[in-house]
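Colleague: Mind looking over this structure? Questions follow.
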Amino acid sequence: MEHLRVLDLGGVRLYGVPESIAHLKHLRYLCISGLFKELPKFVGSICHIQTLDLGGVSELPNSMSNLLNLRHLRGRDIIEYPVGIGKLAELQTMPGFHVSPKHNHAKLGELKYMNNIRGVFAISGLENLADVSEAKKACLDKKRNISSLRLEWDPRAASSSIDEEVLESLKPSVKLVGLQISGFKGPSYPSWLVDQSFFRLGTIELELCEKWISLPPLGQLPSLKSLYISNARAVEYIGREFFSGGFPRLEELTLGYLYNWKSWCGAQERDCPKLKKLSIERCGNLESFSLINLGALEDMSISRCPKLRCVPGHSLELSHLPCLQTIKIQDIYKVRLIDASFFSPAAPLGNQPCLELEDVGQREVEYILGMCSHIYQLTVRRCLNLTSLRLGNLSALEYLAITECPELQITSISPQLWQLPSLQRINVNGIHGAESIKVVWESHMELTQVNQLVASSLKEFSLMIRQLVITNCANLTSLPLMDHTALEYLEIRDCNQLQLSSGSFQLPQSMCEMKVKCIRGAEYIHGLFSPGGVEALGTSCLEFTNVDQSEASFLLHEFSHMIRRLIVTQCANLTSLPLAELTTMEYLEISRCNQLQLSSGSLQLPQSSSMWEMVVKYIRGAEYIRALFFPGGTETQDTSCLELANVDLLEASFMLHELCHMIRRLSITRCANLTSLPWADLSALEYLRISECPLFQLLDAEQLPPTLQVLCIYGNPYEREQCSRHPHFQRLKQVQQCSNKEGGDCNLYLVFRNVHDASEAASNFCHDASEAASNSRPKIYREIHTWEIEWDCCTNDRSNFVDSVAEEVLGKLYHSLAALWNIRNLNKLVIRGHKGSRFASSRWHPFFYSLSSVSLIQCSKCEILPPLSQLNSLEELFVEGASTLESFMQDHDNMSEEGWQETQSPIAFPRLQKLEFHDMPVWKEWLGTKEGDFPLLRKLILKHCPRLMALPHLPPSLEELELEACHELTSLSIFDSPDHTKSFISLNPLTWSQTRGTRRKAGASYAR
């Protein structure tokens, strides 16, 4: 370690310098830092040290004079040197010299032999100098390597009689480049300051020389480029002597805080030929400031000179500055701010000149604008007394912003704006009669809280505005838009004096979209249309909400030739809706207009060949109406339908009369007064659904149109006695009366007639059921307990009915209704008049497993019964009229493993209690029964099964057996067998009867 040459302890927090450093005799570089201010004495023993970095140390020991090899001393700006520091003649770098008032510190004269000092050097604390001789001994003129010198007096200290002589004695070397004098208390500048021998002096800063009454003639310095003078409070005039010599190389001049300065004579011709930047700040009494002969000036900043004026013939004649690029004027007479960039027309290409004016007087604004014909952007802000803007000469202006100019009227601007060829955007806020005006040229305009005069004055923009937005214009009574031939989008909000129907609102023919909110007589209007012709009207629509009668009539008349979609909502005061002229309308929706009534003629439906859908909700006499139709001809009526819900008899009759010739699907729900339908007029009807219409009557089957394929009735029915004697209408009445007893809304009656297309017949019902379940009343399908399906056996077209069609219809019903997951409570199923040979599926859908009763009636062509033994909830089974069925085989033997899991029991009919077979003339065999089947059967009835030869194994639970017209069965004397008799006798008390001419065996009828 003893040969160590460099030791850097700058990153170590020391509370003192280690004494061991004194033994490093070869140390050349030492850097220390710490929380101590005084360097220990032993540092003076490091005799070979050349660079010493002191960090925060401010006091040095006397032993420092021993470091004769020290070249560089770095540390704080103010260090109080010890006596003898002048011996360090080789010192080149030191952090200035502070004149200490203490007697045991070095005097200024110790600098005498330290002539190797170079670079930036400062002498502070000159107010502590007691003897002029010390200043003379310093011999600053011999320190030729100092490039920049600062001489500083404490501005808070009192002046001394020797201050002037001290400064005169501190003459630096003529090689000086930069000079700063601060806090000097003498009455005048030193003579050497204007000595032309300072040919290298390029920067001078004179601060707080408060007693100077005049400025030195620094114009004589041949190399001076930057001059800064501040706080020369005694200076009142800057005369010709200041410019003596003309500042041949001066580029930057700053004058600040000259509180008593009133005027200057200005530069003479050829003075300041290179002056580019001029700054004047806080000169409160400055009244005259000539800019003549400052033609090279590029950047000018003037602030807080309240007596200066920027108008022709006064202080600031900007016309004398042809090269001026940047100007910033703040807080002068009637000017808060003028800020301009690239002010001169000679600005470099590619730059965009901008001008900002804030709180500027009328004359000042006019003067500035008169010189700025080339600006691209103009911002005018808080000019409270500004009444007009002359913009006609701003040919390059692209963007204009005006804010908070309450006396300025747009009428003084708008005519000029139209003449500006380059203008692209306008943003105006807070002017007279308008809160906000925004314009994007050839595109967009927004008006907020503008008065009538302002709105009318903007007609100059009529040829170029495509989008117009008007908001919160409470005093706007008219809006002449006919001249806006390019207008495509219009939006109006909260203009409660503006009214469409008054004629003050004239709409151009070019518009594609219109939005209106909260104007007089209308809460909301939205129009979307194509003005190019009928062929371009694919998306044309009109929608309005809470609109008065006059406004609605105006809109319908104005756009009658182009509306394809019309939506009318919550128009409580609307009494009529003239739609007859809407020849292109395709879609109509009306909602919550409780004064409108279809049957009264107040709603005049158009005689349009293009109308295909109408939706009406909550009007007078009708809760819901939906019509979907194609009036072009019967060949296009594949989806024509009409839906009525909670509609008065008058309204229902009107709609049926209007649309009877085109309805293929008719759905009527909750029409309490509906008693019948105009059957003769419903010439195209194929599907009919009646729900919750308690007075509706089916008096005669012959009334039904021959085209009807599906009849679906459910809900609370009538209880009148008038009813046709036709079997399926009698059954309908029974089902409906049963529905009433069970609480209503439980039974579904479905009739198919003249069915040729199975897919269409089934899907018609299932599609309607799906819509009812998902949209309007899902509760209906959750509550269905009884479902009766009937093939109408009274049809006159039975010969054309194909058996496979009936089978396919039933199959599609099973699978389509499987999607209606909410059918969970179905417990009774009746299938009547089925024409198929089978029931469409080997296994029924799981929602049939809840059935407790199944009836198969008049299924005359049925050869195989459905897999009924799988229904483990089945309690009653009734089969009648299966005239072609020869064999009844229980189906569980052929069931798959999955089927067994679903039935949850290998036993056939595990809960069946009552079983009936009627009118089955060719039935011979009852097969597949094994011991344990029918474990709960209590009653077995067989009627008119003359060819049945044997009964299956009967369970012990059987209580009643009734046979009627079963000739082969009774002739076999099956009860003569001792084994069988034993089994039969072992039953619970039982009643057996034979009637209608059958033979009786001894002991065949008894009870136990």
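The values are calculated or read from the model by the stated rules, or taken from the named source; none is laboratory data. None of these values were measured; they are calculated from a predicted model. With ideal geometry, Cβ positions are generated from the backbone for all residues, glycine too; neighbour counts draw on all protein chains shown. Accessible surface areas use protein heavy atoms only, side chains included; no ligands, DNA or RNA. Shrake-Rupley method; radii C 1.70, N 1.55, O 1.52, S 1.80 Å.
Colleague: Considering each of 398, 442 in turn, give the residue that is surrounded by 16 or more Cβ atoms within 10 Å (Cβ to Cβ), out of contact with any strand residue (DSSP E or B) (no Cβ under 6 Å at 6 or more places or on another chain) and charged (D, E, K, R). Lay out the reasoning, then the answer.
Modeller: Working: 442 fails: surrounded by 16 or more Cβ atoms within 10 Å (Cβ to Cβ).
Testing whether each residue is surrounded by 16 or more Cβ atoms within 10 Å (Cβ to Cβ), out of contact with any strand residue (DSSP E or B) (no Cβ under 6 Å at 6 or more places or on another chain) and charged (D, E, K, R) leaves just 398.
Colleague: For residues in the stretch 824-849 being of a type in the set (Ser, Thr, Tyr) and within 15 Å of residue 862 (Cα to Cα), which is modelled with the highest pLDDT?
Modeller: Applying the filter and picking the extreme gives 837.
Colleague: Looking only at the stretch 92-107, count every residue that is aliphatic (A, V, I, L, M) and closer than 16 Å to residue 62 by Cα and tell me the total.
Modeller: Residues that pass the stated criteria total 1.
Colleague: Do any strands (runs of 3 or more DSSP E) lying entirely in the stretch 1-74 carry at least 1 residues that are touching a Pro at 6+ places or on another chain (Cβ under 7 Å), and which ones are they? So that I can check it myself, show each step before the final result.
Modeller: Details: elements: 6-14, 29-34, 51-53, 72-74.
Qualifying strands (runs of 3 or more DSSP E): 72-74.
Colleague: Follow-up. Being open to solvent by 60 Å² or more (accessible area, probe 1.4 Å) and in contact with a Ser or Thr (Cβ under 6 Å, 6 or more places away or on another chain) is the filter; apply it to the stretch 495-527 and report the residue that is farthest from residue 439 (Cα to Cα).
Modeller: 523
Colleague: Filter the stretch 487-507 for residues that are without any contact (Cβ under 8 Å) to a residue 40 or more places away in the chain, within 19 Å of residue 461 (Cα to Cα) and not polar (S, T, N, Q) and give the result.
Modeller: Result: 487, 488, 489, 490, 491, 492, 505.
Colleague: Take the stretch 101-111 and flag every residue that is touching a strand residue (DSSP E or B) at 6+ places or on another chain (Cβ under 9 Å) and either open to solvent by less than 10 Å² (accessible area, probe 1.4 Å) or not in a loop (DSSP other than H, G, I, E, B) (or both). Step through it out loud before you land on a result.
Modeller: Taking the stretch 101-111 as the starting set, the residues that turn out to be touching a strand residue (DSSP E or B) at 6+ places or on another chain (Cβ under 9 Å) are 102, 104-106, 108, 110-111.
Passing the criteria: 105, 106, 108, 110, 111.
Colleague: Would a scan of the stretch 522-545 turn up a residue that is at pLDDT 90 or above and in contact with a Cys (Cβ under 7 Å, 6 or more places away or on another chain)?
Modeller: No.
Colleague: I've got another one for you. Output the residues belonging to the stretch 573-612 that are open to solvent by 20 Å² or more (accessible area, probe 1.4 Å) and assigned to a strand (DSSP E or B).
Modeller: 578, 587, 589, 592, 604
Colleague: Counting just the residues of the stretch 452-485 that are in a loop (DSSP other than H, G, I, E, B) and within 29 Å of the chain's Cα centre (by Cα), which one comes out nearest to residue 413 (Cα to Cα)?
Modeller: Across the stretch 452-485, the extreme among qualifying residues is 465.
Colleague: In addition: Applying the selection to the stretch 256-266, what residues are under 56 Å from the mean Cα position of the chain (by Cα) and in a loop (DSSP other than H, G, I, E, B)? Full working, then the answer.
Modeller: Of the residues in the stretch 256-266, the ones under 56 Å from the mean Cα position of the chain (by Cα) are 256-257.
Across the stretch 256-266, the qualifying residue is only 257.
Colleague: Then there is this: Using the structure shown, decide if residue 27 is more than 24 Å from residue 121 (Cβ to Cβ), open to solvent by 20 Å² or more (accessible area, probe 1.4 Å) and in contact with a strand residue (DSSP E or B) (Cβ under 7 Å, 6 or more places away or on another chain).
Modeller: no
Colleague: A follow-up question, please. Going by what's in this entry, would residue 251 be described as in contact (Cβ under 8 Å) with a residue 24 or more places away in the chain and within 60 Å of the chain's Cα centre (by Cα)?
Modeller: yes
Colleague: Report yes if some residue within the stretch 225-234 is of a type in the set (S, T, N, Q), under 20 Å from residue 207 (Cα atoms) and surrounded by 17 or more Cβ atoms within 10 Å (Cβ to Cβ); otherwise report no.
Modeller: yes
Colleague: Having 3 or more residues that are among the polar types (S, T, N, Q) and at pLDDT 90 or above is the bar; report the strands (runs of 3 or more DSSP E) wholly within the stretch 860-956 that clear it.
Modeller: Result: empty, no element qualifies.
Colleague: Cβ-Cβ distance below 6 Å, separation of 6 or more or different chains: which pairs start in the stretch 71-90 with a residue that is free of Cβ contacts under 8 Å to residues at least 24 places away in the same chain and end on one that is among the acidic types (Asp, Glu)?
Modeller: Going by the 6 Å Cβ cut-off, the qualifying pairs are 71/90; 74/53.
Colleague: Is it fair to say residue 211 is surrounded by 18 or more Cβ atoms within 10 Å (Cβ to Cβ), over 24 Å from residue 299 (Cα atoms), in contact (Cβ under 8 Å) with a residue 24 or more places away in the chain and basic (Lys, Arg)? Spell out the reasoning first.
Modeller: Working: surrounded by 18 or more Cβ atoms within 10 Å (Cβ to Cβ): no; over 24 Å from residue 299 (Cα atoms): yes; in contact (Cβ under 8 Å) with a residue 24 or more places away in the chain: yes; basic (Lys, Arg): yes.
Against the criterion (surrounded by 18 or more Cβ atoms within 10 Å (Cβ to Cβ), over 24 Å from residue 299 (Cα atoms), in contact (Cβ under 8 Å) with a residue 24 or more places away in the chain and basic (Lys, Arg)), residue 211 does not qualify.
Colleague: Moving to a separate point now. Out of the residues in the stretch 186-208 that are part of a loop (DSSP other than H, G, I, E, B) and among the hydrophobic types (A, V, I, L, M, F, W, C), which is most open to solvent (accessible area, probe 1.4 Å)?
Modeller: Of everything passing the filter in the stretch 186-208, 199 is most open to solvent (accessible area, probe 1.4 Å).
Colleague: Note down all Cβ pairs under 6 Å where the first residue falls in the stretch 254-272 and is within 21 Å of residue 295 (Cβ to Cβ), the second is at pLDDT 90 or above and open to solvent by 30 Å² or more (accessible area, probe 1.4 Å), and they're at least six residues apart or on different chains.
Modeller: Correct list of pairs: 254/228.
Colleague: Could you please give the count of residues in the stretch 666-683 that are touching a His at 6+ places or on another chain (Cβ under 9 Å) and either crowded, with 21+ Cβ neighbours inside 10 Å or among the aromatic types (Phe, Trp, Tyr) (or both)?
Modeller: 1
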